[in-house]
Amino acid sequence: MSAPANPARDSYLRGVRAALPFAVVIVPFAMLFGLLASEAGLQLYEILAFSVSVFAGASQFAALHLLQDQAPMLVILATSLAVNLRMLMYSVTLAPHLGAAPLGIRAVMAYLLVDQSFALSVAEYDKRPNMTLAEKTAYFFGAVTPVLPLWLGSTVAGALAGRAIPPEYALDFAVPIAFLAMTAPMIRSWPHALAAGLSVVLTLALTVLPYGTGLLVGASIGMAAGAALEYWREKAAQKLPPQQRTGA
Amino acid sequence: MIDRTQFWTVVVVLGLATYAIRFSFLGLLGNHALPGWLQRSLRYTAVAVLPALVAPAVLWPAATIGAPDAARLLAATVTVVVGLASRQMIFAALAGVVTLLGVPFLL
């Protein structure tokens, strides 16, 4: 006799399976964070508190970097929060799918809303438009189930390894490589390329401004330019007669 | 040395503010829509901030007291090119690390 059908359980397990391959990225990235934080002189409990409280890798690297530079508080917060602003878009996109869940569940989901759980859930809801709320909720939790323990566990592993590594192994370039490796696959269109390129050029030109404020100016202009180019390209595509729009 | 007052302020404020961003529409504003221009701009936050944050360290690394360094420049270039071509963060990172560690042996 077969087991009784349990669609929510199936959805949960599908989410877990889909998220498992992300271990390849999460483990080294979290270990690197633990390692660098430990080299920066933070204690294990401080590193763990950081990862539990923020649970957003890129912004943690950014904040750590600026803390070491002893940048002013407002610059540290503004820069690391700018990195996390993309999650506002995640929250907007998921609200129509999950907004009917109980408030307590949504409060937990919000904490667990990370790049992986967002990307996997949106793709799954798209692929299976007939999912019920229970199935969607289960899938979301499934997709984040491997992420949280891997992130925290690998942060701790990296922090412990950091104590064992002598300081003469220069790790100064690990963060640039990690950030560039993270960003390059995100450049999917010309507006993305413009946003990234303009932001880099302006930030380099504005290094005369104190405490990384040039970055905030450069990144804001880059972002606006990317959005403007996207808008302009959409408008231009709409103006084309239909036979040209299909690219024939 | 990281200032501990500053550190704990960042842990608490960044944690709370990041949670507020995540909770915003999922938790409170589900029926509201963001203005189009804002939604559009948000798509570009990560690609604008992350590379700009490390660009000065690529060109003027602190480890060489600000002098451009062939190994680091080449490693950064390889990371970006492999990332663009493969669309895989892990391949890009590996290629960058191998370049960074390998170049000093070749020169």
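The values are calculated or read from the model by the stated rules, or taken from the named source; none is laboratory data. On a predicted model such as this, the values are computed, not experimentally measured, just so you know. Cβ placement follows ideal geometry from the backbone for every residue including glycine, while neighbour counts extend to all protein chains displayed.
For the range A:110-132, taking the residues that are more than 10 Å from chain B (Cβ to nearest Cβ), without any contact (Cβ under 8 Å) to a residue 24 or more places away in the chain and part of a helix (DSSP H, G or I), the one that is nearest to the chain's Cα centre (by Cα) is identified as A:Ala119. Among the residues that make up the range A:36-54, is at least one of them of a type in the set (A, V, I, L, M), more than 7 Å from every other protein chain (Cβ to nearest Cβ), under 30 Å from A:Ala138 (Cβ atoms) and assigned to a helix (DSSP H, G or I)? Yes, the range A:36-54 contains at least one residue that is of a type in the set (A, V, I, L, M), more than 7 Å from every other protein chain (Cβ to nearest Cβ), under 30 Å from A:Ala138 (Cβ atoms) and assigned to a helix (DSSP H, G or I). Number of residues in the range A:81-102 that are over 19 Å from A:Ile26 (Cβ atoms) and facing chain B (nearest Cβ under 7 Å) equals 11. Restricting A:Leu216, A:Leu209 to those that are under 21 Å from the mean Cα position of the chain (by Cα) and either hydroxyl-bearing (Ser, Thr, Tyr) or more than 7 Å from every other protein chain (Cβ to nearest Cβ) (or both) reduces the list to A:Leu216. No other residue among A:Leu94, A:Leu103, A:Leu112 is among the hydrophobic types (A, V, I, L, M, F, W, C), within 18 Å of B:Ala20 (Cα to Cα) and modelled with pLDDT of 95 or more apart from A:Leu112. For the range B:1-48, residues that are small (Gly, Ala, Ser) and within 24 Å of A:Ala100 (Cβ to Cβ) total 5. Restricting attention to the range B:17-58 and to residues that are more than 7 Å from chain A (Cβ to nearest Cβ) and assigned to a helix (DSSP H, G or I), the residue that is surrounded by the fewest Cβ atoms within 10 Å (Cβ to Cβ) turns out to be B:Gly36. Evaluation of A:Ala63 against the conditions (1) under 24 Å from A:Ala123 (Cα atoms); (2) small (Gly, Ala, Ser); (3) facing chain B (nearest Cβ under 8 Å); (4) touching a residue at least 12 places away in the same chain (Cβ under 8 Å) shows that the sole unmet condition is (1). Please work out if A:Leu66 is crowded, with 23+ Cβ neighbours inside 10 Å, in a helix (DSSP H, G or I) and either among the aliphatic types (A, V, I, L, M) or touching a Pro at 6+ places or on another chain (Cβ under 6 Å) (or both). Yes; evaluated as a whole, the condition is true for this residue. Evaluate the following for B:Ala71: is it at the interface with chain A (Cβ under 7 Å from one of its Cβ atoms) and part of a helix (DSSP H, G or I)? Answer is no for this residue.
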